[in-house]
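Student: To start, I am sharing the structure in question, which I have written as structure tokens.
The values are calculated or read from the model by the stated rules, or taken from the named source; none is laboratory data. What you see is a predicted model; the values in this text were computed from it and never measured. Note that we place each Cβ from the backbone using ideal geometry, even for glycine, and neighbour counts take in every protein chain shown. Just the protein is used for accessible areas: all its heavy atoms, side chains included, with ligands, DNA and RNA removed. Shrake-Rupley method; radii C 1.70, N 1.55, O 1.52, S 1.80 Å.
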Amino acid sequence: MVDRAKPGEQTRTSPPGPRQPSLADVAGMAGVSHMTVSRVVNESGPVRPETRERVLAAVQKLGYRPNTAARALVTGRSGTLGVVALESNLYGPASTLYGIENAAREAGYGVAICSVTRPGRTSIGDAVESLRRQAVEGIVVIAPHVTAGRALAAAPSDIPVVAVGGGESAPVPVLSVDQYDGARRATEHLLARGHRTVWHLAGPEDWLEARDRERGWRDTLEERGLRVPAVVRGDWSPRSGYEAGRALVGKRGLKAVFSANDQMALGLLRAFTEAGIRVPEDVHVAGFDDVPEAAYFTPPLTTVRQDFIEVGRRTFGLLEDRMAGGDAGARHLVPAELVVRESTALR
């Protein structure tokens with residue numbers, strides 16, 4: 001950095017910071033050529049075991065870190081994966097992203113994340129193109145919206161792409177938790193408590209997960225010839241669950257409610273409490289997601305658990321298979337698990 005001088009003064013140059021060790025430094029300490037060091041750190045050619053050990057010892061002693069851009073030029077691999085993610089603090093998308101990052105790190109990959117605020121065709125296409133310019137080896141698109149799923153139709157063919165969510169018609173390999181089966185399990189559990197029907201607090205219509213959960217609930221009731229109540233819809237937030245709960249208060253035959261996520265169930269419980277409706281004594285409530293706080297709701301919430309670590313592991317496996325030139329298949333499901341707590345306790 002150069003300090004600006006006043007008239008008549010000389011400029012002063014700040015001393016440079018400590019120099020990072022270079023490949024040549026490692027070569028000098030190990031007593032080998034820089035090409036040998038390059039073959040060791042990039043795993044790009046044969047090196048005698050004793051020479052490799054000497055180079056690795058010098059790498060560790062000097063604290064040398066390979067230049068990823070230079071390594072990419074040598075190996076044709078960047079060691080980085082790209083993820084297109086929805087800009088959201090919702091538990092599901094955030095946990096999905098964490099699961100993918102965790103699996104990639106364990107396999108030695110870095111992750112470049114490109115967030116989009118609106119999951120449209122253009123925004124996702126721009127995000128994919130931005131990641132391609134960073135020379136990522138493969139891309140995961142987290143596509144929970146209907147529009148995001150449609151945007152996958154424009155996925156590039158010259159780089160491996162897989163999706164989490166995205167719907168059944170996506171043209172790339174898709175992995176998701178079995179939302180439909182999870183919703184059926186929650187609905188069947190409530191019916192097993194002796195209820196004649198189950199009300200549903202659904203998520204936004206443009207979310208694929210909300211559609212699958214609503215379909216699982218509806219099919220379960222229709223297959224049993226039971227009345228299907230009108231859907232009450234929220235936006236995933238506790239506030240929308242609270243407002244839906246106030247709308248449900250006083251509904252005839254309201255004895256069981258399946259909420260499409262735990263955050264809306266939290267608002268629902270608050271509305272019921274304010275109205276003097278006791279859970280589980282008067283109404284049973286089940287949610288979806290199993291957020292960390294669900295076990296500490298009042299009462300503790302019965303819910304459907306999604307294993308996001310497993311989602312990340314399997315997603316990375318799909319992408320790894322695609323990067324190796326394999327056929328990862330079309331659609332893959334991770335089972336959901338029903339977790340029973342006091343909100344559906346038998347009376």
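Student: Run the accessible area of the chain with a 1.4 Å probe and give the carbon-and-sulfur part as a rounded percent.
Tutor: 48 percent
Student: Another question, then. Using alpha-carbon pairs under 8 Å, 6+ residues apart, how would you state the relative contact order of the chain in percent?
Tutor: 15 percent
Student: Ala57 versus Glu293, label points 7 Å from Cα toward the beta carbon: distance in nm?
Tutor: With each label placed 7 Å out from Cα toward Cβ, I get 5.6 nm.
Student: Give me the percent relative contact order of the stretch 199-261, please, defined on Cα pairs under 8 angstrom at least 6 residues apart.
Tutor: Across the stretch 199-261, relative contact order equals 51 percent.
Student: Tell me what the chain gives for mean residue ellipticity at 222 nm when only DSSP H runs of n ≥ 4 count, each as -39,500 (n - 2.57), the sum divided by the residue total, rounded to 500 deg cm²/dmol.
Tutor: -13000 deg cm²/dmol
Student: What size of dipole, in debye to the nearest 20, comes out for the chain about its Cα centre when the only charges are +1 on Lys and Arg C-beta atoms and -1 on Asp and Glu C-beta atoms?
Tutor: Rounded to the nearest 20 debye, it is 420 debye.
Student: Another question about this same structure. When a/c reaches 1.5 or more, the comparison of a/b and b/c decides; with that in mind, is the stretch 197-301 rounded, prolate or oblate per its Cα gyration tensor?
Tutor: Note, shape of the stretch 197-301 comes out oblate.
Student: Specify the residue with the greatest mean-square fluctuation among Gly326, Gly203, Gly138, computed from a Gaussian network of the chain linking alpha-carbon atoms under 10 Å apart.
Tutor: Gly326
Student: Shifting gears a bit: With just the Cα atoms of the stretch 132-251, tell me how far they stretch along each of the three principal axes, in Å, largest first.
Tutor: 57, 31, 18
Student: To continue, here is another question. For the stretch 99-151, what is the accessible area per residue in Å² when the probe is 1.4 Å?
Tutor: That works out to 46 Å² for each residue.
Student: Given a cut-off of under 8 Å on Cα pairs at least six residues apart, what relative contact order in percent is computed for the stretch 141-220? Mind showing how you got there, number by number?
Tutor: Working: 106 pairs, mean separation 24.6, N = 80.
The normalised contact order for the stretch 141-220 reaches 31 percent.
Student: Whole number please: convex hull volume per residue, Cα atoms of the stretch 273-329, in Å³.
Tutor: Numbers: hull volume 5.4 nm³, N = 57.
Dividing the Cα hull volume of the stretch 273-329 by its residues yields 96 Å³.
Student: Using the heavy atoms of the protein chains and a 1.4 angstrom probe, tell me the accessible area per residue for the stretch 209-338 in square angstrom.
Tutor: For the stretch 209-338, the solvent-accessible area averages 47 Å² per residue.
Student: With both bridge residues required to lie in the stretch 136-263, what share of the DSSP beta bridges run antiparallel, to the nearest 5%?
Tutor: 10 percent
Student: Averaged over all directions, how much area does the convex hull of the C-alpha atoms of the chain cover when projected, in nm²?
Tutor: Mean projected area for the chain: 26.4 nm², to one decimal.
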